[in-house]
Amino acid sequence: MLSNSYGKRGSALFVSQHLYTIGQPLESTVLALISANSRSGKGALRRRIKDCDYVGKPQIISMDIVNFFESLAGKWFSQRTTHDLAGQSSQAGQSNLVIEFLPATDSELAQACTPLSHDPNQIACGLRVHQDSQLDGQPQKMQSTALMVIFAPTEAGEGVLVQAAGSSVLEGRYRIKDEVLSITTPTENGQVEERLWFVNPNLRMRTSVVKVGGTEQIASFCSEIRMGVSKPAT
């Protein structure tokens with residue numbers, strides 16, 4: 001469920017101190033990392049999801065999109081490594097993520113998109129992401145909460161993804177192709193590109209790249225394990 005100033009606001013589904021901080025403004029996270037001389041993407045589901053249609057809106061919303069985002073819900077332990085490409089340094093860190101799936105009818109989703117004037121009838125679903133992160137070698141922990149609003153995709157297979165954290169609201173675009181979720185979020189001076197995929201239902205990988213002026217500045221890789229899953233009997 002990568003978020004990385006090159007600006008005044010930011011946030012990312014899966015982004016965390018870039019380390020990638022979910023719920024943290026994307027741009028401000030990047031700035032913080034660079035200004036701190038940080039030593040220091042998204043999803044493919046390795047299983048087929050049955051295709052069906054959800055007829056509850058003025059337009060039909062493909063349920064494979066909803067099912068994919070619903071598969072992101074749960075408790076996850078994330079191990080991340082972030083690379084400052086300009087400074088040629090890296091930083092490791094860990095996060096505990098709690099991701100809650102929200103149906104399209106949840107009132108919070110429409111409220112989060114009010115500043116952007118999007119049609120709430122086109123909301124497919126949403127996610128509420130709580131993140132508790134810590135960088136290696138640093139005693140303080142960082143906590144954040146973000147709300148993600150996923151809109152129904154176009155015929156081209158792309159859709160709008162809004163990320164709201166506090167007063168910060170960012171709009172990006174997502175695409176699910178070959179079981180890989182790709183998210184691109186513009187920032188004032190560049191963009192953040194994220195990818196997420198599942199190795200299996202309980203293990204997923206994420207990568208993110210922060211670009212400024214067309215140049216890659218920060219890159220991170222996360223491996224995430226679903227928590228609370230019982231081992232099969234032997």
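The values are calculated or read from the model by the stated rules, or taken from the named source; none is laboratory data. Owing to the predicted nature of the structure, the values given are computational and were not obtained by experimental measurement. Note: ideal-geometry Cβ built from the backbone for every residue, glycine included; neighbour counts use all protein chains shown.
Can you give me the number of residues within region 203-234 that are among the hydroxyl-bearing types (S, T, Y) and either surrounded by 21 or more Cβ atoms within 10 Å (Cβ to Cβ) or modelled with pLDDT of 95 or more (or both)?
4
When both residues are 6+ apart or on different chains and their Cβ atoms are under 8 Å apart, which pairs have a first residue that lies in region 53-77 and is closer than 14 Å to Y174 by Cβ and crowded, with 18+ Cβ neighbours inside 10 Å, and a second that is of a type in the set (F, W, Y) and modelled with pLDDT of 50 or more?
Once the first residue is closer than 14 Å to Y174 by Cβ and crowded, with 18+ Cβ neighbours inside 10 Å and sits in region 53-77, its partners that are of a type in the set (F, W, Y) and modelled with pLDDT of 50 or more give F69/F101; L72/F101.
Kindly evaluate T105 against the criterion of being in a loop (DSSP other than H, G, I, E, B) and modelled with pLDDT of 90 or more.
yes
Write out, first by first residue and then by second, each pair whose Cβ atoms fall under 6 Å of each other, whose residues are 6+ apart or on separate chains, and whose first residue, in region 86-107, is over 30 Å from Q217 (Cα atoms) while the second is of a type outside the set (A, V, I, L, M, F, W, C) and not in a strand (DSSP E or B).
Sorted first by the residue in region 86-107, then by its partner, the pairs are F101/E70.
Can you give me the number of residues within region 183-202 that are under 16 Å from S71 (Cβ atoms) and either among the hydroxyl-bearing types (S, T, Y) or surrounded by 15 or more Cβ atoms within 10 Å (Cβ to Cβ) (or both)?
The total comes to 5.
Of all residues in region 149-201, count the ones that are farther than 22 Å from Q131 by Cβ, among the hydroxyl-bearing types (S, T, Y) and within 15 Å of the chain's Cα centre (by Cα).
Total satisfying the criteria: 0.
Out of all the residues in region 183-234, which are touching a helix residue (DSSP H, G or I) at 6+ places or on another chain (Cβ under 9 Å), of a type in the set (S, T, N, Q) and part of a loop (DSSP other than H, G, I, E, B)?
N189
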